Amino acid sequence: MLNKVELKSHQIGTVKFNNEYLNNELKKLHGIPFHTVYSEYALGTWRTSCLANKNGSFDDGLSYEYSGVAQITGVGEQFAYFISLIKKTFHWEYIKSIRFFSSKNNGMIIPHRDYLEFKKGFTRLHIPIQTDPLCLNSEQNFIYHMKVGEIWLLEGRVPHSAGSFGVTEKLSIVIDFDPDCNLSFLFKDKQCYNPQRNTEIVIRKKFDNHCNDSMRRLHKKINNDNFNEIVRYLTKIHFFRDVKCTEIFNWLEEICDRAENNLLKSHSITMRKYFIGED
Ligand code: YCP
Ligand code: CO
């Protein structure tokens with residue numbers, strides 16, 4: 001059964017990889033360093049590595065809003081094929097950063113909204129370079145899967161998450177562009193630009209009373225030492241049961257309430273503000 005939904009995030013094009021060159025780049029990925037920044041977003045193994053950024057220094061893995069154009073880092077210099085393909089596909093002058101995003105072994109990013117720390121944020125495109133059907137992304141109440149070579153607009157201003165739940169390390173190239181530039185103008189190779197407004201969503205099981213009960217019983221277990229594992233367990237649920245990714249923050253508060261643990265309750269409230277914002 002095909003189920004298509006109009007999500008904020010959607011495929012906007014395709015890039016044709018040369019398989020031999022792509023595999024060579026993937027092999028090199030095993031040896032590169034990853035940043036420790038944004039580790040508060042990581043549940044298990046989720047990481048980033050900068051190919052290009054504001055000043056070309058790999059040591060600074062943070063995102064910045066700035067005028068000017070991205071400089072290639074030492075890591076970026078090792079991926080000549082990816083860089084040349086990006087230069088052929090997009091207008092380099094609108095690029096602010098290029099990064100690898102990786103998740104594996106049930107690694108996820110905590111549900112969040114992007115750009116809360118910025119005035120405008122970016123136009124963020126994802127291009128998967130290694131994936132399998134259990135590499136998933138979420139937007140609010142929907143789950144979708146991006147294939148290798150597809151170019152996706154990832155609208156991070158709505159709550160979202162991602163993770164890898166199979167045997168494959170989920171690897172994507174993530175490019176941040178000037179947010180004021182029209183989408184189609186980012187493309188130098190117009191053949192690569194072909195937006196698909198409707199996204200095929202992954203069908204999940206019902207979030208039934210049984211799930212609800214077993215989740216709510218966690219108040220008997222929750223404590224400082226297992227809090228992060230519980231956040232991880234709760235976040236994984238929305239990839240396989242039909243609930244919104246932001247439900248985890250409600251569940252956490254409810255579990256802490258029932259556990260009468262005020263410290264963890266206020267920590268949960270702080271987390272919601274930090275990752276989702278006030279709204
Ligand atoms: C960023 N935002 O905007 C980060 C990436 C999730 C939060 C990780 O660069
Ligand atoms: Co994000």
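No value in this document is a laboratory result; all are computed from the given coordinates. Values in this document were obtained by computation on a predicted structure and should not be read as measured data. Ideal geometry is used to build each Cβ from the backbone, glycine not excepted, and the neighbour counts take in all protein chains shown.
Could you point to the residue in GLY74, PRO33, THR89 farthest towards the positive end of the chain's charge dipole, with +1 and -1 charges on the Cβ of Lys/Arg and Asp/Glu respectively?
Result: THR89, furthest along the dipole toward the positive end.
For region 133-256, compute Rg over Rh where Rg is the Cα radius of gyration and Rh is the Kirkwood radius from the inverse mean 1/r over Cα pairs.
Result for region 133-256 is an Rg/Rh of 1.05.
Region 1-56 to region 135-161: how many Å between their Cα centroids?
12 Å
What Kirkwood Rh does region 129-168 have if only Cα atoms enter the pairwise 1/r average? Answer in Å.
For region 129-168, the Kirkwood estimate is 10.8 Å.
On a straight-distance basis, which aspartates and glutamates could pair with LYS221 in a cross-link, Cα separation under 18 angstrom, same-chain partners fewer than 8 positions away excluded?
Candidates past the 8-residue exclusion: ASP213, GLU229, GLU253, GLU254, ASP257, GLU260.
As a test of the formula, what do you get for the chain when each DSSP H run with n ≥ 4 contributes -39,500 (n - 2.57) and the sum is divided by the residue count, at 222 nm and rounded to the nearest 500 deg cm²/dmol?
It lands at -8000 deg cm²/dmol.
Give me the log10 of I(q) over I(0) for region 2-202 at q = 0.09, 0.16, 0.17 Å⁻¹, as the Debye formula computes it from C-alpha points; what are the numbers?
Taken in order of the listed q values, log10 I(q)/I(0) reads -0.30, -1.07, -1.25.
Report, in listed order, any pair from LYS96/LYS244; LYS170/LYS206; LYS27/LYS96; LYS28/LYS96 with a Cα-Cα distance greater than 28 Å.
Pairs exceeding 28 Å: LYS96/LYS244.
Please state the relative contact order of region 2-202 as a whole percent: Cα pairs under 8 Å, 6+ residues apart?
Rounded, it is 31 percent for region 2-202.
So what's the net charge close to VAL15: Lys and Arg +1, Asp and Glu -1, counting the other residues with Cβ under 10 Å from its Cβ?
Surrounding charge for VAL15 is 0.
Express in nm, to one decimal, how much length is gained between ASN250 and ASN226 on full extension, taking 0.36 nm for each residue of separation and deducting their alpha carbon distance.
Gain on stretching ASN250 to ASN226: 6.9 nm.
With only Lys, Arg, Asp and Glu charged, each at its Cβ (+1 for the first two, -1 for the last two), find how big the charge dipole of region 86-134 is about the Cα centre; round to the nearest 20 debye.
It works out to roughly 180 debye.
For region 205-276, give the magnitude of the charge dipole about the Cα centre (Cβ charges: +1 Lys/Arg, -1 Asp/Glu; no others), in debye to the nearest 20.
Value, rounded to 20: 160 debye.
Shape of region 188-279 from its Cα gyration tensor (a ≥ b ≥ c, root eigenvalues): rounded if a/c is under 1.5, otherwise prolate when a/b > b/c, or oblate?
Here region 188-279 falls in the prolate category.
Magnitude of the Cβ-charge dipole of the chain, K/R +1 and D/E -1, about the Cα centre, nearest 20 debye?
500 debye
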